[in-house]
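Asker: Provided herewith is a single structure, encoded as structure tokens, for subsequent inquiry.
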Amino acid sequence: MSESTQTKYEPGQHPSLPPPFKTRGVALWLKENLFSTPTNVVLSLLAIYFLYKVVPGVLEWSLFDAAFTGNDRNECRAQAGGACWAFIGERLQLFTYGFYPEAERWRVNLSFVLLVVCSVGLLWENCPGRKWIIALSVVFPFAAAFLLVGGNGVKLFVALACVAVALALMFRGSSTTFVIVIGAVCAFLAKFIFFGGITLPFTDIHVGGIIDLDDYTFLNLPEVSTDLFGGFMLTLIIGVTGIVFSLPLGILLALGRQSNLPIVKYACVVFIEFIRGVPLITLLFVASTMLSYFLPPGTTFNLLIRVLIMVTLFASAYMAEVVRGGLQAVHKGQTEAADALGLKYWPSMRLIVLPQALKISIPAIVNTFIGLYKDSTLVIVIGLLDPLGIGRASLADTKWNGLTNEVYLFVAIFFFISCYAMARYSLYLENKLHTGHKR
Amino acid sequence: MNDSTNNVSATGRALGESTIQIRNMHKWYGEFHVLRDINLDVKSGERIVVCGPSGSGKSTMIRCINRLEEHQQGDIIVDNVELTNDLKNIEAVRREVGMVFQHFNLFPHLTVLENCTLAPIWVRKQPKAEAEAIAMKYLERVKIPDQALKYPGQLSGGQQQRVAIARSLCMSPKVMLFDEPTSALDPEMIKEVLDVMIELAEEGMTMICVTHEMGFAKTVADRVIFMDEGQIIEENEPDQFFNNPQSERTQLFLSQILAH
Amino acid sequence: MSTPALAHSPSQPSLISRLWYDKENRSIIVQILAAMALLWLFGSMVLNAIHNLEALGKGFSFNFLKQPASYDINQTLIEYSSRSTHFRAMLVGIINTLLVAVAGIFLATILGFILGVLRLSKNWLVNKLAYCYIEFVRNVPLLLHILLIHGVVVHSLPRPKQAINVGDAAFFTNRGVFMPSPEFLPLFKFVAAAFIIGVVFTWGFRRYAKALQERTGKQLPVFWVSLIAIIGLPVVVFLATGQPVNWDIPVLSGFNYKGGMVVRPEFLALWLALSLYTAAFIAEIVRAGILAVNHGQTEASMALGLPRNRTLNLVVIPQALRVIVPPLSSQYLNLTKNSSLAIAIGYMDVTATIGGISLNQTGREMECMLIVMAIYLSFSLLISAGMNYYNNRIALVER
Ligand SMILES: Nc1ncnc2c1ncn2[C@@H]1O[C@H](COP(=O)(O)OP(=O)(O)OP(=O)(O)O)[C@@H](O)[C@H]1O
Ligand SMILES: [Mg+2]
């Protein structure tokens, strides 16, 4: 030891020496991280005691002393004293698809695959073929709705084609009037040619309806009633619909809230604050019991659509606040520079402000999605069968009754895995954004 | 305002018609009277430097010229178009007037080239290829064609400001406004930006430039305007302005600036 | 002075173009259109509602509030019986909502701050435990927590006959937790007075200590004096007056306990679930708030020679609070709104009373939902007003 302090080195020749104390090793790690101060010793001992009390019991119940096979509760009990996972195994299909007809379940699977492809494409910036996937994502909600509900595929295809043509034409011009006119003309033509034609005003003369799409049945899928939807599939439907439709709506609301037109601004403020001020449950009650009061007599939607509408409105208010945060983070100089270059309001929003604002808000958007996804469990109070609803319904089965812990734990783990993954992703994005700013 | 200003600049170049005319212009921020009775006439090809103490309303004045700020009284006429509430006029003026900001205000999510082609494509409705060719031409003029595909965040301050100048030039403006284009830059970067501005001036661009670079004012300006408390205090040829300032406030200001 | 020919003046533009291209006119036109669209939307909704309600022979009136509710509520803090009116039932519901919300906010804040600090602990084990707790709780829907905890309370706690007995005073059963309720004797007013005196004294003492410190720099042991004044004094008086409180201890009679007070399993489950869930979110907010205070601030304060606890009190916490309070207030709002999940386990809050049973019995969906929404909206407005006030205050103190 004394040797190293006494040795003299030529200038520039000093080797790097190990430090005189230990920096590695289990004992040292333990000392530094668990027992550095008296308080820490107490805390560590408490934590170890807690783990000792809880972990073995939980593992015993859920794994080592659990039954994985069996046809009813008593068979489980006969095998082991802990959890009875056989129940979950038997009901797994139900938990996933609800009561969706077995022969048609490939449609659910296909939609799910499309969903995964779209999300990967949207969330992963350097994904190969990203342009195509983004195009696919625009069509996805409609395609998925068709796949899940079924019906005449040609009709949907034609409708989508009309919308695509209209959009393509709209993006050619930047004047608002032009866009509105083109949109109206396209809608009119589509109605005139394909969708039943037009009844001339003040007369009974019916023209158009040149092509009756009901004659083309080669793309038909058998219809499945939405009453049969349930399980994790329903959770995903509610979450994804909520996010897909609430994002554009939320952007409009956020822009409206920032507008300098008082009427537009306060309308948006009132809407946003109203929705954020009441619990989702009350909105769902409204959807289930009284939405039809506000519609013209005789109009009815099925419950799922009503719920989806409400969930979308609900999410859009939260989305608006998230987007507003992003808009406020975009420097004022950006709009000024766009103004100075002669860009008008909408182009300057679309090309300059929104791309930056949305990029900043992606983590918060993901978090809103997580919230919505978790909130989708609330639909059980109005009788839809999400996984929790399926679980509770299954508990009524006398063969299996009393297995509440298993059901709740299973559903909890499902939600935990998916939400935690999304939360990690949003955290990763946030870190990336922050390091990006430092540069 | 003396109408007798002849159409020859201080440097002896022939000047064209009036491009910008500001008459009896007033502006308020709420109760605060920022600009008081501004009168200014800028001929085409003229180079004007505006200086004055901080908060005197220089930025506000030139931002009124492309209506980033609204004036409440008086007239502003740019390239024969009067700035009123008429959106068509505002659009027309903004098409013809370029502006360079103190903090560049480049669009961080677009590449340098996209920054330059954005307005030509969306405002002038040029085809993309043509817009890109023009953009490259101007990027060459500001000496950074090799940075075209980078993002603004990857450039130095001086490079960013030159991109901002190129971005404005791509709209082939008749007038360029500069709001302290060099005050956020390090000394060596200031030079590269000033060089570009001097070159631009020599090509006959009409310019209004808020700056405290007195060297630039002396060599380039046809006229120097001194503002204080929202008023134009003094307006003169650079020689006269620096060597023989008329008002006391100008003298004080100059002595403070030149003391450094 | 020659006026220049204006490019756009010679050809007189059409009226429409003049209106549309004038900035002010355009903003007026857009607003009129927006107002018309909104009016149309609302108007048709209201008209449809009137029409539809009439078709059902319902009409729209709040008279039903005066009719007897004729249902029972298991937890009532004010007098209520099944002969009381729907209005009374609504009040009971509001009070129950407030009770669980306030209790929840209280517990969630304490737990959240503790967890948030543990999450920043240098102790690896404690840190990771807090992390696991927070992540698990945050990423599982609240409804599941409520059902799980309710299930545990109802299924795991014994029946009253085999109640878990804590010191012959509190009894944990699946019908709830039975506890002694205090009955205050006349002499108790001295204890109360002692408490008030303690508080007033502390307030005065703090001011005095602060003034003294400002004048002379001398620091008094404010914390200990406050503690003794607020807690010690009443305790001494309590003992001196011969413990002037009678405890009504619950006793088992038949299948259940009688007397004392009871915390029902529904309340317990909802309260715990709301607190535990919200605490996880608050913990993250607290952690982020403390981390948001620049490390340089701590270093600067330490470099000035301030001890660790003063650094925390004078430098870190005031800055962290500014970051913490806004998201904290929105968590309080969330907790209050989430308390409406009570309906899933039969806790009789405002959603379950007026928005649940009253609604079903009277068939007055429109009126009941309006009332419920208005109530939650006013809670929300109250909380955000309170938080704004507090926020402004600490923001001002900061400057
Ligand atoms: N949006 C605004 N609202 C209210 N007052 C403003 C606003 N913008 C500027 N002002 C005030 O108007 C005055 C003139 O501001 P301006 O930015 O034009 O000054 P400046 O001469 O450019 O100063 P500097 O040299 O510091 O840039 C200042 O007193 C400023 O405080
Ligand atoms: Mg300025």
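Asker: Please give the direction-averaged projected area of the C-alpha convex hull for segment C:16-99, in square nanometres with one decimal.
Answerer: Numbers: hull surface 40.3 nm².
Averaging across all directions leaves 10.1 nm² for the Cα convex hull.
Asker: With a 10 Å radius around each residue's Cβ, average the other Cβ atoms per peptide and rank C:70-83, A:343-356, highest first. Mind showing how you got there, number by number?
Answerer: Working: C:70-83: 13.6, A:343-356: 18.4.
Final packing ranking: A:343-356, C:70-83.
Asker: Please compare each pair in B:LYS58/B:LYS150; A:LYS131/B:LYS128; A:LYS31/C:LYS128; A:LYS359/B:LYS137; A:LYS265/C:LYS23; B:LYS150/B:LYS174 to a cut-off of 24 Å on the Cα-Cα distance and tell me which ones are over it. Mind dumping the intermediate values first?
Answerer: On the way: B:LYS58/B:LYS150 33 Å; A:LYS131/B:LYS128 19 Å; A:LYS31/C:LYS128 16 Å; A:LYS359/B:LYS137 31 Å; A:LYS265/C:LYS23 17 Å; B:LYS150/B:LYS174 28 Å.
Where the Cα-Cα span goes over 24 Å, the pairs concerned are B:LYS58/B:LYS150; A:LYS359/B:LYS137; B:LYS150/B:LYS174.
Asker: List the residues, sorted by chain then number, that are 5 or more residues from B:PHE178 or on another chain and whose placed amide H is less than 5 Å from its amide H.
Answerer: Here the answer is B:VAL100, B:ILE208, B:CYS209, B:VAL210, since their amide H atoms fall under 5 Å of that of B:PHE178.
Asker: With +1 assigned to the C-beta of every Lys and Arg and -1 to the C-beta of every Asp and Glu, and no other charges, what is the dipole magnitude of chain A about the Cα centre in debye, to the nearest 20? Let's see the in-between values first.
Answerer: Working: 31 positive and 26 negative charges, 289 e Å.
That gives chain A a dipole magnitude of about 1380 debye.
Asker: Shifting gears a bit: Farthest toward the dipole's positive end in segment A:315-439, which of A:SER394, A:ALA320, A:THR404, given Cβ charges of +1 (Lys, Arg) and -1 (Asp, Glu) about the Cα centre?
Answerer: Going by the charge dipole, the pick is A:ALA320.
Asker: Charges only on Cβ, +1 for Lys and Arg, -1 for Asp and Glu: so what's the dipole of segment A:226-433 about the Cα centre, in debye to the nearest 20?
Answerer: Values: 14 positive and 10 negative charges, 88 e Å.
It works out to roughly 420 debye.
Asker: Here's a follow-up. Would you please classify the overall shape of chain C from the alpha carbon gyration tensor, given that a ≥ b ≥ c denote the square roots of the eigenvalues, rounded means a/c under 1.5, and beyond that prolate means a/b larger than b/c while oblate covers the rest?
Answerer: Numbers: a/c = 2.13, a/b = 1.21, b/c = 1.76.
The shape class here is oblate.
Asker: Using +1 on the beta carbon of Lys and Arg, -1 on that of Asp and Glu, and nothing else charged, what's the dipole of the protein assembly as shown about the Cα centre, debye to 20? Write down the numbers at each step before the final one.
Answerer: Working: 87 positive and 80 negative charges, 555 e Å.
Here the protein assembly as shown has a charge dipole of around 2660 debye.
Asker: Now for a separate question. For chain A, find the longest principal axis of its Cα atoms and tell me its angle to the long axis of helix A:176-193, 0 to 90°, nearest 10.
Answerer: Approximately 70 degrees, to the nearest ten.
Asker: Ok, one more. Under a 5 Å amide H to amide H cut-off, with H placed in plane at 1.01 Å, what residues pair with C:ASN174 once short-range neighbours are removed?
Answerer: Hits under the 5 Å cutoff: C:ARG159.
Asker: Mind pulling the angle between the C-alpha long axis of helix A:130-149 and the longest principal axis of chain A? Nearest 10 degrees, somewhere in 0 to 90.
Answerer: 70 degrees
Asker: Output wanted: per-residue J couplings in Hz (rounded whole) for segment A:50-56, from phi through Karplus 6.51 cos²θ - 1.76 cosθ + 1.60, θ = phi - 60°, x for Gly and Pro.
Answerer: Values, residue by residue: 4, 4, 4, 6, 9, 4, x Hz.
Asker: In Å³ and rounded to a whole number, note down the convex hull volume per residue for the Cα atoms of segment A:331-420.
Answerer: On the way: hull volume 10.5 nm³, N = 90.
Cα convex hull per residue, to the nearest whole number: 117 Å³.
Asker: Could you pull the accessible area for A:MET290 with a 1.4 Å probe, rounded to 10 Å²?
Answerer: 10 Å²
Asker: Sort C:242-255, B:143-156, B:82-95 for me by packing, meaning the mean count of neighbouring Cβ atoms within 10 Å per residue, highest on top. Mind showing how you got there, number by number?
Answerer: Working: C:242-255: 13.0, B:143-156: 15.9, B:82-95: 19.4.
Ranking the peptides C:242-255, B:143-156, B:82-95 by packing returns B:82-95, B:143-156, C:242-255.
Asker: Give me Rg/Rg_expected for the protein assembly as shown, where Rg uses Cα atoms only and Rg_expected = 2.2 N^0.38 Å with N residues.
Answerer: Normalised Rg, Cα atoms only: 1.16.
Asker: Only helices at least 27 Å long along their axis, Cα-based, and averaging 1.6 or more on Kyte-Doolittle count here, so list those DSSP H runs from chain C.
Answerer: For chain C, where a helix must reach 27 Å along its axis and average at least 1.6, the hits are C:86-119.
Asker: Let me ask you something else. How crowded by other chains is C:347-356, given as the mean number of beta carbons from other chains within 10 Å of each beta carbon? If you can, show how the numbers build up before the last one.
Answerer: Values: counts 0, 0, 0, 1, 5, 0, 0, 0, 4, 2.
Counting Cβ atoms of other protein chains within 10 Å of each residue's Cβ and averaging gives 1.
Asker: Okay, moving on. Using a 1.4 angstrom probe on protein heavy atoms only, which residues from segment A:264-284 are buried by at least 10 Å² of accessible area when all chains are present rather than their own chain alone?
Answerer: Listed by number, the residues meeting the 10 Å² cut-off are A:VAL264, A:ALA267, A:PHE274, A:ARG276, A:GLY277, A:VAL278, A:PRO279, A:ILE281, A:THR282.
Asker: So, R0 is 35 Å and r is the distance between the beta-carbons of B:GLU229 and B:ALA184; what FRET efficiency does that work out to, to 0.05?
Answerer: Values: r = 25 Å, r/R0 = 0.71.
Taking R0 as 35 Å, the efficiency between B:GLU229 and B:ALA184 is 0.90.
Asker: Follow-up question, since we're still on this one. Could you check what % of the DSSP bridge pairs in chain B are antiparallel, to the nearest 5?
Answerer: Numbers: 21 of 38 bridges.
Of all bridge pairs located within chain B, approximately 55 percent are antiparallel.
Asker: Using a ≥ b ≥ c from the Cα gyration tensor of segment C:250-339 (square roots of the eigenvalues), is it rounded, prolate or oblate, where a/c under 1.5 gives rounded and otherwise the larger of a/b and b/c decides, a/b for prolate? Don't skip to the answer; put the middle values down first.
Answerer: On the way: a/c = 5.08, a/b = 2.47, b/c = 2.06.
Prolate, since a/c reaches 1.5 and a/b exceeds b/c.
Asker: Run the quick spin-label model on C:LEU252 and A:ILE198: label points 7 Å from Cα toward the beta carbon, then report their separation in nm to one decimal.
Answerer: With each label placed 7 Å out from Cα toward Cβ, I get 8.3 nm.
Asker: Also: Need one number: % antiparallel among DSSP beta bridges in the protein assembly as shown, to the nearest 5.
Answerer: Values: 42 of 60 bridges.
Around 70 percent of the beta bridges assigned by DSSP in the protein assembly as shown are antiparallel ones.
Asker: How much area per residue is accessible in segment C:254-307 when the probe is 1.4 Å and only protein heavy atoms are counted (Å²)? The partial results should precede the final answer.
Answerer: Working: 2520 Å² over 54 residues.
Normalised by residue count, the accessible surface of segment C:254-307 is 47 Å².
Asker: Determine the total buried accessible area between chain C and chain A, counting protein heavy atoms only with a 1.4 Å probe; round to the nearest 100 Å².
Answerer: On the way: alone 25030 and 27080 Å², together 47570 Å².
Approximately 4500 Å² gets buried when C meets A.
Asker: Buried by at least 20 Å² relative to the chain on its own: which residues of segment A:291-308 qualify, computing accessible area with a 1.4 Å probe on protein heavy atoms?
Answerer: Buried on complex formation: A:TYR293, A:PHE294, A:PRO297.
Asker: Can you pull the mean other chain C-beta count within 10 Å for peptide C:27-37?
Answerer: Numbers: counts 7, 2, 0, 4, 7, 1, 2, 8, 3, 0, 1.
For this peptide, the per-residue mean of nearby foreign Cβ atoms is 3.
Asker: Counting only protein heavy atoms, what percent of the accessible surface of segment A:226-433 is carbon or sulfur at a 1.4 Å probe? If you can, show how the numbers build up before the last one.
Answerer: Numbers: 5270 of 7780 Å².
Looking at segment A:226-433 in its full context, I get 68 percent from C and S.
Asker: Can you give the angle from 0 to 90° between the axis of helix A:231-258 and the longest principal axis of chain A, with both taken from C-alpha atoms, to the nearest 10?
Answerer: On a 0 to 90 degree scale, this one is about 80.
Asker: Just to confirm, what accessible area per residue do you get for segment A:226-433 at 1.4 Å probe, in whole Å²? Mind showing how you got there, number by number?
Answerer: Numbers: 7780 Å² over 208 residues.
Computed with neighbouring chains in place, this is 37 Å² per residue.
Asker: If you roll a 1.4 Å probe over chain B with all protein chains in place, what percent of the accessible area is carbon or sulfur? Before the final figure, lay out each step's value.
Answerer: On the way: 5040 of 10850 Å².
Exposed carbon and sulfur together represent 46 percent of the surface.
Asker: Let me ask something additional. Which is farthest toward the positive dipole end of the protein assembly as shown among C:LEU187, B:LEU185, C:VAL315, measuring Cα position about the Cα centre, with Cβ charges +1 (Lys, Arg) and -1 (Asp, Glu)?
Answerer: Ranked along the dipole, the leading option is C:LEU187.
Asker: Just round it to a whole percent: the fraction of Cα-Cα distances in chain B exceeding 31 Å. The partial results should precede the final answer.
Answerer: Numbers: 8038 of 33670 pairs.
So the portion of pairs separated by more than 31 Å is 24 percent.
Asker: OK, next. Can you grab the distance from the C-alpha centre of segment B:30-58 to the C-alpha centre of segment A:376-390, Å, no decimals?
Answerer: 66 Å
Asker: Share of chain C's accessible area from carbon and sulfur, percent, 1.4 Å?
Answerer: Values: 14820 of 22080 Å².
Looking at chain C in its full context, I get 67 percent from C and S.
Asker: For segment A:226-433, rounded, prolate or oblate, judged on the Cα gyration tensor with a ≥ b ≥ c (square roots of eigenvalues), a/c < 1.5 rounded, else prolate if a/b > b/c?
Answerer: It comes out oblate by the Cα gyration axes.
Asker: Within 10 Å of each Cβ in peptide B:149-159, how many partner chain Cβ atoms are there on average? Round it to a whole number, please. Intermediate results must be reported in sequence, preceding the final value.
Answerer: On the way: counts 0, 0, 0, 0, 3, 1, 0, 0, 0, 0, 0.
Across B:149-159, the average partner-chain Cβ count within 10 Å equals 0.
Asker: Summing both sides, how much accessible area is buried between B and C? Use a 1.4 Å probe and give Å² to the nearest 100. Before the final figure, lay out each step's value.
Answerer: Details: alone 12380 and 25030 Å², together 36150 Å².
What B and C bury together is about 1300 Å².
The values are calculated or read from the model by the stated rules, or taken from the named source; none is laboratory data. Not measured: the values here are computed from a predicted model. All Cβ positions, glycine included, derive from the backbone under ideal geometry; neighbour counts span all protein chains shown. We work out accessible area using only protein heavy atoms, side chains counted, and drop any ligands, DNA or RNA first. Shrake-Rupley method; radii C 1.70, N 1.55, O 1.52, S 1.80 Å.
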